[in-house]
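First the structure, in the form of structure tokens, and then the observations on it.
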Amino acid sequence: MKYTQKSLAYAFDALEPYIDTKTMEVHYGKHHVAYINNVNTLMEKYPDLLEKSVESLLANLSRTPFDEKDKQAFINNAGGAVNHSLYWDIMAPKKEIDEVLVDELKKEFGSIDEFKKTFTQVAISRFGSGWAWLVRNTENKLEIYSLPNQDSPTGKGHKPIIGLDVWEHAYYLKYQNRRAEYIEAWWNVLKLI
Ligand code: MN
């Protein structure tokens, strides 16, 4: 299975001035790569799992042979691998509006502005490192919440649709401690809405 990093669909400087080039270089080139390398190293101990996807293993952790330590290492690193893959995918220098999603968000949250307000608040309020998520839950409904660290909604049986990385490494070089400014800027490069 070896998890591999998908190449970016845009250049490191393409999301300027909202996400700066240096952050993209380090975040994509170092942080994400480290999660991928760690999960691949861990999986060398479990060759029987190689035929399964990382996502399906995350969704069915209770059925995996990991010991407690390796289970947590898998949650952290496989989570880091898949979370960041989604994060790169949903950003772009130009909007590619998902009209179906926009309609559904309006129905669920009243308006896109209301959705953004709620999501922003959840992202700002995440204490320490983690992500804000828009997911499709097990009842097929859209839901907003945040999770700590690299915990993936996949682990709850939810399908992640929008993920916003609020680890400091995602914004510190440009925004320092101003997480709210990073989030405000990030809406400009979220291509879907
Ligand atoms: Mn990150």
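Computed from the coordinates by the stated procedures, all read-outs in this text should not be read as laboratory data. The structure displayed is predicted, hence computed values, not measured ones. Cβ placement follows ideal geometry from the backbone for every residue including glycine, while neighbour counts extend to all protein chains displayed.
Looking for whichever is in contact with a strand residue (DSSP E or B) (Cβ under 6 Å, 6 or more places away or on another chain) and either closer than 17 Å to T23 by Cα or away from the ligand (no atom under 14 Å from the Cβ) (or both) here; the options are L134, L190. Which one fits?
Of L134, L190, the one residue that is in contact with a strand residue (DSSP E or B) (Cβ under 6 Å, 6 or more places away or on another chain) and either closer than 17 Å to T23 by Cα or away from the ligand (no atom under 14 Å from the Cβ) (or both) is L134.
State all residues of the range 1-33 that are more than 15 Å from the chain's Cα centre (by Cα) and part of a helix (DSSP H, G or I); if no residue qualifies, say none.
Answer for the range 1-33, where residues must be more than 15 Å from the chain's Cα centre (by Cα) and part of a helix (DSSP H, G or I): T21, K22, T23, E25, V26, G29, K30.
Which ones in the range 147-176 are within 9 Å of the chain's Cα centre (by Cα), of a type in the set (A, V, I, L, M, F, W, C) and within 12 Å of the ligand (Cβ to nearest atom)?
Answer for the range 147-176, where residues must be within 9 Å of the chain's Cα centre (by Cα), of a type in the set (A, V, I, L, M, F, W, C) and within 12 Å of the ligand (Cβ to nearest atom): just L164.
Which of (1) within 16 Å of the ligand (Cβ to nearest atom); (2) over 23 Å from L147 (Cβ atoms); (3) hydrophobic (A, V, I, L, M, F, W, C) does I90 not meet, given it meets every other one?
Every listed condition holds for I90 apart from (2).
Checking P47 against (1) surrounded by 14 or more Cβ atoms within 10 Å (Cβ to Cβ); (2) free of Cβ contacts under 8 Å to residues at least 40 places away in the same chain, only one condition comes out false. Which one?
(1)
Among the residues that make up the range 104-113, is at least one of them buried (at least 19 other Cβ atoms within 10 Å of the Cβ) and over 27 Å from Q5 (Cβ atoms)?
yes
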